[in-house]
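The values are calculated or read from the model by the stated rules, or taken from the named source; none is laboratory data. Given the structure is predicted, the values throughout are model-derived calculations rather than measurements. Here the Cβ positions follow ideal geometry from the backbone for every residue, glycine too, while neighbour counts run over all protein chains shown. In case anyone asks, the SASA skips ligands and DNA or RNA and just uses the protein heavy atoms, side chains included. Shrake-Rupley method; radii C 1.70, N 1.55, O 1.52, S 1.80 Å.
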Amino acid sequence: MTSNRKYLVVIQAGGYGKRMNSLTKGVIPKPMLTICGKSMIECQLDMLATCGVSEFVIITGHLGDIIEKYFNDISGCQYNIRCIHEPFPLGSAGALFLLKNILGQGNYTDIIFLFSDIMFAIDLKRMEKFHEEIDADITLLAHPNSHPADSDLIVVDSCCRVIGIDSKNNKRNYYYRNLVNAGIYILKRDVVESLYNLKPMDMETDIIYPGILSGKNIFAYRTPEFVKDAGTPERFKMVSCQWHDGIQKKKCLRQKQKCIFLDRDGTINEYRGNIVNDKDFVLIDGVIEAIRKINSSEYLAVLITNQPVVAKGMCSVSDVEKIHMKLETLLGESGVYLDDIMFCPHHPDRGYVGENPLYKRDCECRKPKIG
């Protein structure tokens with residue numbers, strides 16, 4: 001079925017980029033730093049063009065005249081680019097107000113909004129399809145990353161509806177899911193048209209969080225694709241190496257994926273029989289470095305495990321999920337991550353004292369079956 005939605009791509013490139021001063025020397029805007037001979041913002045345009053996008057708006061601010069002059073002077077540019085200069089610093093989301101006239105003139109229904117220091121290779125059509133089928137007001141691209149401790153984490157329910165934001169400024173003395181707001185959004189036009197003033201705004205605190213409180217349909221689109229924050233010198237260097245090696249293209253879901261499936265007990269953590277609480281979960285030495293090697297390769301790292309302790313009534317699904325949150329927290333603290341965690345709570349045999357009949361069945365998801 002052909003979609004009747006019309007999307008406008010908007011790249012937010014108006015920030016100061018203070019964390020990148022050692023590379024920019026304060027004389028060029030961060031998005032104009034080059035990776036493999038092209039500026040970051042050109043790499044974004046090229047990647048979006050492979051998804052069928054040809055019209056762009058670039059929000060500029062600090063040193064924005066350099067970006068604007070570059071795209072005005074470039075010969076043979078195949079993209080339709082409009083630059084809007086912020087009259088004063090508007091934060092991550094305040095410039096959305098400036099799009100109202102453009103949306104009306106072009107009859108756009110939705111905005112694809114992203115930050116200029118995000119390097120990515122995604123099948124954008126999949127994200128658009130998710131956004132449309134679930135009828136979201138706002139869709140956030142979400143994924144695990146290598147630095148969840150200094151990232152805003154998304155809290156979702158079982159249907160991927162966003163029910164909270166765990167700010168990177170919170171003191172996290174608890175275990176958490178490594179599910180990060182990656183900096184790529186799809187917004188219904190109504191979200192922009194509801195803005196009444198031109199003022200500095202933050203995407204999370206002024207758009208997402210009030211939207212949650214007011215009952216808007218805000219969902220997380222989770223993907224294992226290549227989406228990396230290149231906003232610090234260290235991350236920029238890492239992304240540059242991966243981009244040079246072509247890892248980003250191999251991790252786009254327009255390609256068949258390679259995956260390493262990992263068992264849990266005795267492979268990731270020390271084997272201690274039935275583990276029913278997080279206190280008994282201890283990582284095996286060497287696991288961090290092994291997963292780090294997978295993360296830096298073209299392979300996905302996915303944990304799959306049978307956990308019949310649920311069916312046997314020894315613990316609940318939420319207990320298993322808490323154990324896995326401890327795992328994700330420990331890995332994240334060491335700069336590594338799993339692309340996904342899946343477990344089977346079932347068991348086919350009956351007769352255990354205290355067993356949970358809801359999970360006593362011969363299912364398709366218990367290994368060695370492949371469900």
Worksheet item: Name the pairs whose Cβ atoms lie under 6 Å apart, with the first residue in segment 121-134 and touching a residue at least 60 places away in the same chain (Cβ under 8 Å), the second of a type in the set (Phe, Trp, Tyr) and buried (at least 19 other Cβ atoms within 10 Å of the Cβ), and 6 or more positions between them or separate chains?
Response: Ala121/Phe226; Met127/Tyr221; Phe130/Tyr221; Ile134/Phe219
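Starting from residues that are among the acidic types (Asp, Glu) and over 29 Å from the mean Cα position of the chain (by Cα), keep the ones in segment 64-98 and report whichever is modelled with the lowest pLDDT.
Of segment 64-98, the ones among the acidic types (Asp, Glu) are 65, 68, 73, 86.
Add one more test, that the residue is over 29 Å from the mean Cα position of the chain (by Cα), and what stays is 65, 73.
Details: Asp65: 94, Asp73: 75.
In this case the residue turns out to be Asp73.
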Worksheet item: Restricting attention to segment 164-177, which residues are within 16 Å of the chain's Cα centre (by Cα) and open to solvent by less than 90 Å² (accessible area, probe 1.4 Å)?
Response: Gly164, Ile165, Asp166, Ser167, Tyr176
Discussion item. I'd like the residue in segment 48-88 that is of a type in the set (A, V, I, L, M) and in contact (Cβ under 8 Å) with a residue 60 or more places away in the chain and, out of all such residues, is most open to solvent (accessible area, probe 1.4 Å).
Written reply: Val53
Practice prompt. Say whether the condition of being surrounded by fewer than 19 Cβ atoms within 10 Å (Cβ to Cβ), more than 23 Å from the chain's Cα centre (by Cα), of a type outside the set (Val, Ile, Thr) and not in a loop (DSSP other than H, G, I, E, B) is met by at least one residue in segment 309-316.
Written response: no
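So that you can scan it fast, the table gives a plain yes or no per residue for (1) outside any loop (DSSP other than H, G, I, E, B); (2) on the phi > 0 side of the Ramachandran plot; (3) of a type in the set (Val, Ile, Thr):
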residue: Gly332; (1), (2), (3): yes, no, no
residue: Tyr337; (1), (2), (3): no, no, no
residue: His347; (1), (2), (3): no, no, no
residue: Gly351; (1), (2), (3): no, yes, no
residue: Gly354; (1), (2), (3): no, yes, no
residue: Arg361; (1), (2), (3): no, no, no
residue: Glu364; (1), (2), (3): no, no, no
residue: Ile370; (1), (2), (3): no, no, yes
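Scan segment 352-370 and give yes if some residue there is over 28 Å from Thr223 (Cα atoms), polar (S, T, N, Q) and surrounded by 14 or more Cβ atoms within 10 Å (Cβ to Cβ), otherwise no. Even if it seems obvious, please write down each step before you answer.
Going through segment 352-370, the residues over 28 Å from Thr223 (Cα atoms) turn out to be 352-362.
Those still in the list that are polar (S, T, N, Q) too: 356.
Now narrow it down to the ones that are surrounded by 14 or more Cβ atoms within 10 Å (Cβ to Cβ): 356.
Yes - at least one qualifying residue is present in segment 352-370.
Give segment 238-262 a look and list any residue that's charged (D, E, K, R) and surrounded by 13 or more Cβ atoms within 10 Å (Cβ to Cβ), or say none.
Restricting attention to segment 238-262, the residues satisfying the condition of being charged (D, E, K, R) are 245, 249-251, 254, 256, 258.
Answer for segment 238-262, where residues must be charged (D, E, K, R) and surrounded by 13 or more Cβ atoms within 10 Å (Cβ to Cβ): Asp245, Lys249, Lys250, Lys251, Arg254.
Here is a check on your reading of the model: is Glu328 in contact (Cβ under 8 Å) with a residue 60 or more places away in the chain, in contact with a strand residue (DSSP E or B) (Cβ under 8 Å, 6 or more places away or on another chain) and within 28 Å of Lys228 (Cβ to Cβ)?
Working: in contact (Cβ under 8 Å) with a residue 60 or more places away in the chain: yes; in contact with a strand residue (DSSP E or B) (Cβ under 8 Å, 6 or more places away or on another chain): yes; within 28 Å of Lys228 (Cβ to Cβ): yes.
Yes.
Just wondering, is there one or more residues in segment 141-150 that are open to solvent by 50 Å² or more (accessible area, probe 1.4 Å) and under 30 Å from Cys36 (Cα atoms)?
Here is the first cut: in segment 141-150, the residues open to solvent by 50 Å² or more (accessible area, probe 1.4 Å) are 149-150.
From the residues that got through so far, the ones that are under 30 Å from Cys36 (Cα atoms) too are 149-150.
Yes.
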Worksheet item: Under 6 Å by Cβ, and 6 or more places apart or on different chains, what pairs join a residue from segment 344-371 that is within 18 Å of Ser316 (Cβ to Cβ) and touching a residue at least 12 places away in the same chain (Cβ under 8 Å) with one that is open to solvent by 100 Å² or more (accessible area, probe 1.4 Å) and of a type in the set (Lys, Arg)?
Response: His346/Arg361; Lys360/Arg350
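Which residue is nearest to Asp135 (Cα to Cα), if the candidates are limited to segment 1-58 and must be outside any loop (DSSP other than H, G, I, E, B) and of a type in the set (D, E, K, R)? Full working, then the answer.
Of segment 1-58, the ones outside any loop (DSSP other than H, G, I, E, B) are 7-13, 18-24, 30-32, 34-35, 38-49, 55-58.
Subset that is of a type in the set (D, E, K, R): 18-19, 30, 38, 42, 46, 55.
Numbers: Lys18: 37, Arg19: 37, Lys30: 34, Lys38: 36, Glu42: 31, Asp46: 28, Glu55: 24 Å.
Out of the qualifying residues, it is Glu55.
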Worksheet, complete the sentence: If we keep only residues of segment 215-243 that are touching a helix residue (DSSP H, G or I) at 6+ places or on another chain (Cβ under 6 Å) and of a type in the set (Val, Ile, Thr), then the residue nearest to Leu124 (Cα to Cα) is Ile218
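So if I check each of Ile118, Ile67, Ile102, which one is on the phi < 0 side of the Ramachandran plot, touching a Ser or Thr at 6+ places or on another chain (Cβ under 7 Å) and of a type in the set (A, V, I, L, M)? Full working, then the answer.
On the way: Ile118 fails: touching a Ser or Thr at 6+ places or on another chain (Cβ under 7 Å); Ile102 fails: touching a Ser or Thr at 6+ places or on another chain (Cβ under 7 Å).
The conditions single out Ile67.
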